[in-house]
Every structure is written in C-alpha cells, then in structure tokens.
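Below is one structure, written out as structure tokens; comments come after it.
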Amino acid sequence: MDTNLARLEIVTPLEAESFADCLLSGLRKTPKEIACKYFYDEAGSRLFDAICELPEYYQTRTEVALLRRHALEIAALMGPGIEIVEFGAGSLRKVRILLDAAQKPRAYTPLDISGDYLQGVVHALAADYPALHLRPLVGDFTLPLEIPALSGQELNKSRRAGFFPGSTIGNFKPDAAMALLRRMRASLNGGGLLIGVDLVKDPLRLHAAYNDAAGVTALFNKNLLARANRELGADFDLDGFAHYAPYNPAAHRIEMYLVSLRRQSVNLCGQRFDFAAGEPVHTEDSHKYTIESFREMACRAGFNPRAVWTDEARLFSVHWLESR
Ligand code: AVI
C-alpha cells in the first residue's frame, strides 16, 4: 500500500448516457453518428496507443519533445508547491516530464472516466514519486465538476495547475471547446492551464496522420462497431464499412466517418438499422487551430494566454494560460 496514494474518489455522475443509448439515438439521426468518447474501451485505448507511435501521427512525439525542451520554463511559470490536475489522465507518461521539472510539487490529481484504468496507472507513479500526494479522481471532465480541496492545511494552500495534453480539445466543436475551457478554468480556482493544441498545416500531412499506411486508424474507427458487437451483441459486418477521414480545410478539421459499402441492415438491442450504400456514420471531428485562433478562444474563455511553445515546423503547440 503506497502511503502517498489516496483512495479513488468519484466526482461526477459517470453514466450520463450509456454506449447503447448513444448508438440507439445516434443511428436514428440523419446523418447517423456515434460519439467519439466511445472509442476508448480497452481495445480502443490500445489502438490509440498504437496510433501515437505511427510515423504519420506526429502529434504525440512533437508534444512530448516540446514538453521536454521547455520543462524548466513551464515549471517556473507554474511556480512552486503546485497541485497538478490532469484532465483525462491517459497513460501518465507526459505528466512525468512536468513532475520531474516542477519545483516541489505538492500533489498530482489525475481525473479519468475509467476508475479501473486509473487505479492501475497511478500505482507505478506513487512508487516513483514517494513525496508527492497522489489523488486519483474518477469523473467525466466534460461535465460540470468541482474538484474537492486537498485535505491537510499545507496541501490546501497549493495553487492548481491544470494539464490537458494531446490536443483532445480538438475533438470538441469550437463552442463546446470554449465551454469546456471555461469549466476547467472554474475548477482550477484561479490557477493556470497547460494545454496541447494541434495546428492547422499542410492538408496532405493532416490527411496522412488520420489515414496511416498500416491501417491502425481504420481499426480504431471500426472498433466502435466491433465494440457494439462485443458488448451489445450487435451484428455489424466490419468489412461492410470503410474508414473515411478527409480534412475539411474550410472548417479546419479532420472529419472521421464509417461509410457503409453496400445496402445493409444491422440488428442492435432488438432494433433494426438500415444503411444505404455509401451512407456515412460520423464518428469524430479533430479541429485544428492556428496559435492565434486558439489564444483568441482561450481569451474568450476567461484565460490570459501567457506563453506558447511550438516546434520548428509549427506542427503542434503547447500553451500556458493563466486565469483572469
Ligand atoms: C485523442 N484525439 C486528440 C485524437 C485526435 O487526433 O483527434 C484521436 C484520434 N483520432 C484518430 N486518430 C487519433
């Protein structure tokens, strides 16, 4: 038992809508849709980890390199004795870069929707950072959320620094992204936010990142259908759908679809869904920003954009935003 590791605490309602509800309502819409948050069951999370290693998917390695290169500067901006709050904790690989550079960080609060997953990843971290108070929270950061104060007088005085890497902000439509930034700001009690944002660039480069030669992104996309078959006993024929992920340059976003390759019907939870040949199911948007357009949105969300770091090729950006 690690003494610096607090017990999991649940901070938001977890099952606002189930995967089954999402499919039943989304497949009745025109055009059909499935929410991208359902990509991440165990198989989907493994496929996403594989995407992050792909030669075409520059985002992860570029962001990690930026965090490494500017870690001390970031730590100085965050200040001493902070509590780092990570929204959607993932593998906890990136936060180690911050923890290693931070000036005597007091606490690390990872927030993730999957309690089981979180439990697994925080144990290794607790052993590697014995002086750090670790407080895993189970919750959905897309819902309104109040992060409880740390217990203990010393801990309570810590300033918060939010961490939201990976350009997950891009998976929200601009209005929802701004609302999310506002909610994060509110939950940071006057602290700043370090956020990774993928940038507008050569459309062919973006296209390649979501249409990799090895077909991993296609498997990731089709995992939604495989998951429906596994969990809900649906009978999707995975070969009957194609992964299609064009870049929409006017809207600055990758749009991801599963397109029905023929006229077909699928049974799901006792209901029948008909697909025309060529009919799309929208599964994800991944919005890209310019440094200026992102800073402008952050301002409208009540932040003061303080610093930004980008790579030589301007592929990716990391922003330090302070609460106003
Ligand atoms: C998690 N998110 C930022 C990824 C992205 O690039 O939008 C998800 C992803 N979809 C396809 N490839 C990666």
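Nothing in this text is a laboratory measurement; each read-out follows from the coordinates by a stated rule. Remember, it's a predicted structure, so these values are computed and weren't measured experimentally. Cβ coordinates were reconstructed from backbone atoms using ideal geometry, including for glycine residues, and neighbour counts include every protein chain displayed.
Some points to look at:
- Across all Cα atoms of the chain, the radius of gyration (one decimal) and Dmax (whole number) stand at 20.2, 64 Å.
- Mean ellipticity per residue at 222 nm, deg cm²/dmol - from DSSP H runs of n ≥ 4 across the chain, formula -39500 (n - 2.57): -10500 deg cm²/dmol
- For GLY191, the residues 5 or more places off, or on other chains, whose built amide H falls under 5 Å of its own are ARG160.
- Rg and Dmax, both from the Cα atoms of region 1-59 and both in Å, are 17.0, 52.
- As a ratio to 2.2 N^0.38 Å, the alpha-carbon radius of gyration computed for region 188-227 takes the value 1.80.
- Comparing ALA234, ALA298, ALA276 in a Gaussian network model of the chain (Cα springs below 10 Å), the most mobile by mean-square fluctuation is ALA276.
- GNM remark for the chain: springs join alpha carbons under 10 Å apart, and the peak mean-square fluctuation among SER114, SER158, SER293 falls on SER293.
- Peptides 90-98, 310-318, 78-86 ordered by packing proxy, namely the average of other Cβ atoms within 10 Å per residue, highest first: 78-86, 90-98, 310-318.
- Förster-model FRET efficiency, 35 Å R0, LEU261 and ASP202, C-beta, rounded to 0.05: 0.75
- For LEU268, residues with placed amide H under 5 Å, excluding near neighbours: PHE273
- Pairs over the 29 Å Cα-Cα cut-off, from the set LYS37/LYS157; LYS37/LYS104; LYS94/LYS222; LYS157/LYS288; LYS29/LYS94: LYS37/LYS157; LYS37/LYS104; LYS157/LYS288; LYS29/LYS94.
- Translational diffusion of region 153-311, µm² s⁻¹ [Kirkwood Rh, Cα pairs; Stokes-Einstein; 25 °C; 0.890 mPa s]: 134
- Segment ALA20-ARG324, extension gain: residue separation times 0.36 nm, minus the distance between their alpha carbons: 105.4 nm
- GNM flexibility winner over the chain from GLU231, GLU56, GLU146 (Cα, springs under 10 Å): GLU231
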